[in-house]
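The values are calculated or read from the model by the stated rules, or taken from the named source; none is laboratory data. Note that this is a predicted model, so its numbers are computed, not measured. For neighbour counting, all protein chains shown are included, and Cβ atoms are generated from backbone atoms with ideal geometry for every residue, glycine included.
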Amino acid sequence: MKALITGGAGFIGSHLADLLICKGWSVVSADLSEDVRNISHLIGTDGFDHIRMDINDTPELCKAAKGCDMIFHMAANSDIRASEKDPDIDFMNTLMTTRSVLECMRMHGPGRLFFPSTSAVYGDRGTELLNEELGNPEPVSYYGACKLASEALISAYTYMNSFSSVIFRFPNVAGPRLTHGVIFDFIDKLRKNPDRLEILGDGNQDKQYVHVLDLVRGIVKFTGDMSTGIRTYNISSGSSVTVRRIADIVCEEMGVSPEYVYTGGRTGWKGDVPCFRYDTAKAEREGWVYEHDSEGAVRETVRSVLG
């Protein structure tokens with residue numbers, strides 16, 4: 001089997017490439033970033049090729065996908081806050097890259113797709129238990145809106161072209177090679193000043209996490225036997241951790257005891273969702289398993305960043 005991974009040099013994409021290579025796949029990584037640290041150990045090895053390219057360049061994408069059996073479309077804006085002042089970041093890097101991938105598939109194949117969506121498509125629903133059949137999702141960030149629009153495009157292209165598509169709606173993802181988010185920010189702040197830690201919001205934001213290695217194992221499992229049509233799954237570890245507790249874990253691992261200073265409010269920034277609750281029964285019935293709960297994923301991530 002041969003796979004094209006868009007965003008293959010990124011955090012999740014690089015771990016997915018590792019696992020696919022271990023399972024005997026050939027992998028083509030396509031990524032706009034010049035930073036190839038996450039895949040430097042794969043470059044030059046048999047069965048792995050990396051192409052630096054704009055995923056929105058559909059003709060070039062079709063060349064990269066030639067001979068592939070499946071596309072794992074991991075390329076997207078992964079930082080919700082980054083698009084707060086510039087919605088084009090999400091529009092171009094998330095929605096338009098999805099359109100380019102689907103057009104590539106429509107014109108030249110392959111007919112199998114994996115797409116990473118997000119809990120952000122549901123919007124701010126408080127402690128309501130969210131399942132995949134929830135009607136009228138109302139995203140509150142440009143990031144969530146472009147992921148939801150991407151899901152809609154995938155649904156239409158899948159039906160019109162008899163594709164086989166799997167969508168995972170992720171929570172927060174943690175693990176080695178993480179480059180942004182609250183864990184990374186706390187470590188960076190404490191390295192600069194171990195006596196004071198600014199925490200956005202009130203610290204009560206309650207986040208669900210999944211470890212990246214659990215996640216990519218799930219991706220490979222759920223795309224191993226694909227039938228025509230679209231399948232969508234909530235994916236999570238079934239647990240959560242507050243931002244204040246994340247701060248505690250980071251401080252414990254760094255051996256510091258700073259003063260916590262809160263900026264106040266129930267969210268860290270406009271578009272942040274302070275709490276959500278996933279119903280993962282559908283995924284669990286079909287074989288979703290994980291090794292790390294949310295706290296475990298956070299702690300292991302801190303250790304990997306600290307080295």
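Key figures
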read-out	value
Contacts under 6 angstrom Cβ, first residue in the stretch 72-94 being touching a residue at least 12 places away in the same chain (Cβ under 8 Å), partner surrounded by fewer than 17 Cβ atoms within 10 Å (Cβ to Cβ), 6 or more apart	Asp79/His180; Arg81/Trp269; Ile89/Ala82
Single unsatisfied condition, Ile71 versus (1) under 17 Å from the mean Cα position of the chain (by Cα); (2) within 21 Å of Ala174 (Cα to Cα)	(2)
Flag for Ser257 being farther than 30 Å from Ser155 by Cβ, of a type in the set (Ser, Thr, Tyr) and assigned to a helix (DSSP H, G or I)	no
Residue in the stretch 295-302 that is crowded, with 17+ Cβ neighbours inside 10 Å, farther than 17 Å from Thr118 by Cα, at pLDDT below 95 and not aromatic (Phe, Trp, Tyr) present	no
Selected residue (criterion: farthest from the chain's Cα centre (by Cα)) from residues of the stretch 179-200 that are surrounded by fewer than 19 Cβ atoms within 10 Å (Cβ to Cβ) and in a loop (DSSP other than H, G, I, E, B)	Asp195
Test: residue in the stretch 73-81 that is in the same structural domain as Leu153 (by TED's automatic domain parsing), modelled with pLDDT under 95 and surrounded by fewer than 16 Cβ atoms within 10 Å (Cβ to Cβ)	yes
Among (1) under 30 Å from Val302 (Cα atoms); (2) part of a strand (DSSP E or B), the one test that Val166 misses	(1)
Restricting the stretch 223-242 to residues that are part of a strand (DSSP E or B), in contact (Cβ under 8 Å) with a residue 40 or more places away in the chain and not aromatic (Phe, Trp, Tyr), the residue that is nearest to Asp202 (Cα to Cα)	Val241
Hits in the stretch 275-294 (condition: part of a helix (DSSP H, G or I), surrounded by fewer than 20 Cβ atoms within 10 Å (Cβ to Cβ) and in contact (Cβ under 8 Å) with a residue 60 or more places away in the chain)	Ala281, Lys282
Residues satisfying the stated conditions in the stretch 1-16, i.e. over 14 Å from the mean Cα position of the chain (by Cα) and buried (at least 24 other Cβ atoms within 10 Å of the Cβ)	Ala3, Leu4
Residue under evaluation Gly218, criteria (1) closer than 27 Å to Gly271 by Cα; (2) surrounded by 18 or more Cβ atoms within 10 Å (Cβ to Cβ); (3) of a type in the set (Gly, Ala, Ser), criterion not met	(1)
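Conditions (1) within 16 Å of Asp188 (Cα to Cα); (2) surrounded by 16 or more Cβ atoms within 10 Å (Cβ to Cβ), marked per residue:
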{"site": "Ile246", "(1), (2)": "yes, yes"}
{"site": "Glu252", "(1), (2)": "yes, no"}
{"site": "Tyr260", "(1), (2)": "yes, no"}
{"site": "Lys270", "(1), (2)": "no, no"}
{"site": "Val273", "(1), (2)": "no, yes"}
